[in-house]
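Note sheet for the following structure.
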Amino acid sequence: MTLFSRLRAILGCALICAALPLAPLASQAAEHPKPVEGDWVAPKFTFQNGQSIEGLRLHYVTIGDPANPAVLVLHGTYQAATAMLSRDFAGELFGPGQPLDASRYFIVIPDGIGVGKSSKPSDGLRAAFPPYNYADMVQAQYRMVTEGLGIKHLRLIIGNSMGGMQTWLWGGSYPGFADALVPMASQPTEMAGRNWLMRRMLVESIRQDPAWNGGNYTTQPPSLRLANNMFIFGTNGGTLAYQQNAGTHAQADKLVDERLAAPVTADANDFIYQWGSSADYNAMPGLGKIKVPVLAINSADDERNPPETGLMQAALKDLPNARLLLIPASSATRGHGTTGLAKFYARELEQFIKGLPAR
């Protein structure tokens with residue numbers, strides 16, 4: 001199964017379809033309450049570049065009772081809210097007695113702009129869809145939470161990868177709105193180094209494919225499959241894990257063949273926007289505004305945020321209430337994908353939450 005195939009009440013100013021039960025997921029932990037899905041629609045949304053769009057839709061999933069303290073959960077690039085309902089994540093965190101027990105917290109998981117059931121280029125505008133960045137995505141999330149769901153305060157924001165970077169932005173953009181922040185598989189520093197080099201190459205590989213045709217293709221460009229798999233192998237999965245699972249020439253070839261044979265379920269325009277949205281990411285200017293406790297969680301084998309650069313350690317020096325949990329690399333970790341496996345940090349997250357001031 002490919003990565004792509006795995007990924008896939010209050011009336012606010014325009015809240016619709018709120019309270020439709022989601023069909024059970026095969027990987028969903030049975031212990032927590034059933035997820036409920038809804039949509040918040042902004043009559044007008046203005047992006048950071050000044051462009052506006054009418055009827056911007058942000059889809060979301062909630063779990064639990066809205067009367068309980070709210071927790072915002074943010075997914076990674078080109079994932080959707082359903083990615084956070086996996087047994088490896090929700091199954092370790094949302095069940096009875098677990099750190100984010102959904103009988104005690106109200107879990108809110110939005111689809112970011114450009115993915116899932118939220119507004120995206122493939123809905124019709126294609127390459128004419130306004131370019132968006134992470135600040136736009138955070139602004140839309142804030143409006144959905146406050147205007148749509150009527151939430152005035154969050155107990156916690158926890159995000160993975162892109163969601164981790166957005167957690168840093170939340171802290172600087174809306175200081176004190178959440179009691180605590182848990183950014184994972186991320187850094188607050190600007191998008192640079194291998195992380196941006198590979199993302200830029202990923203986007204350019206598709207843009208420079210004649211089949212992309214300026215976004216007016218009739219079939220998905222062949223470069224989409226090749227570029228994405230190259231990016232996944234190069235920046236996700238973990239060195240020791242690949243050595244264990246593809247440690248022979250035959251095993252490695254088998255893995256490549258399986259990935260290349262799998263159907264492409266992504267859309268090239270959506271894909272370009274998703275990865276390009278990180279270009280101007282930099283949470284450092286707002287770092288000094290973060291006064292709440294922060295538990296940053298990274299993996300020692302994270303290919304996109306390598307700890308040996310010292311960037312994270314240097315950034316945290318300006319945050320007296322922050323600490324870094326660095327998961328040791330092993331054949332069981334998955335590099336940048338490690339934080340999708342909550343078993344590696346569930347205990348520390350529980351202790352962190354228990355240590356937060358009561359409200």
Q) Could you list, in sequence order, the residues of the range 220-250 that are in a loop (DSSP other than H, G, I, E, B) and at negative phi? A) Gln220, Pro221, Asn236, Ala246, Gly247, Thr248
Q. Here are Leu255, Leu325, Leu260: which of them is touching a helix residue (DSSP H, G or I) at 6+ places or on another chain (Cβ under 8 Å), surrounded by fewer than 18 Cβ atoms within 10 Å (Cβ to Cβ) and closer than 30 Å to Arg126 by Cβ?
A. Leu260
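For the range 256-359, please list each of the helices (runs of 4 or more DSSP H) lying entirely inside it that holds at least 2 residues being of a type in the set (Lys, Arg).
Per the criteria, 346-354.
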Q. Counting only residues that are open to solvent by 40 Å² or more (accessible area, probe 1.4 Å) and outside any helix (DSSP H, G or I), how many does the range 205-217 have?
A. 2
(Q) Of everything in the range 302-351, what is farther than 30 Å from Gly97 by Cβ and of a type in the set (Asp, Glu)? Give them in sequence order. (A) Glu303, Glu308, Asp318
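This table checks each residue for (1) β-branched (Val, Ile, Thr); (2) touching a Gly at 6+ places or on another chain (Cβ under 8 Å); (3) at pLDDT 95 or above.
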site: Pro293; (1), (2), (3): no, yes, yes
site: Asp302; (1), (2), (3): no, yes, yes
site: Leu311; (1), (2), (3): no, no, yes
site: Ile327; (1), (2), (3): yes, no, yes
site: Gly337; (1), (2), (3): no, yes, yes
site: Arg347; (1), (2), (3): no, no, yes
site: Glu350; (1), (2), (3): no, no, yes
site: Leu356; (1), (2), (3): no, no, yes
**Q.** Neighbours by Cβ (under 9 Å, 6+ apart or cross-chain): first from the range 179-204, open to solvent by 40 Å² or more (accessible area, probe 1.4 Å); second aliphatic (A, V, I, L, M) and not in a helix (DSSP H, G or I)
**A.** Glu190/Ala283; Trp196/Ala279; Arg200/Ala279
Q.
Being in contact with a Cys (Cβ under 9 Å, 6 or more places away or on another chain), part of a helix (DSSP H, G or I) and either open to solvent by 20 Å² or more (accessible area, probe 1.4 Å) or of a type in the set (A, V, I, L, M) (or both) is the requirement here; does Arg143 meet it?
A. yes
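The values are calculated or read from the model by the stated rules, or taken from the named source; none is laboratory data. Not measured: the values here are computed from a predicted model. No Cβ is skipped: glycine too gets one built from the backbone with ideal geometry, and neighbour counts run over all protein chains shown. The accessibility values were calculated without ligands, DNA or RNA, using every heavy atom of the protein model including side chains. Shrake-Rupley method; radii C 1.70, N 1.55, O 1.52, S 1.80 Å.
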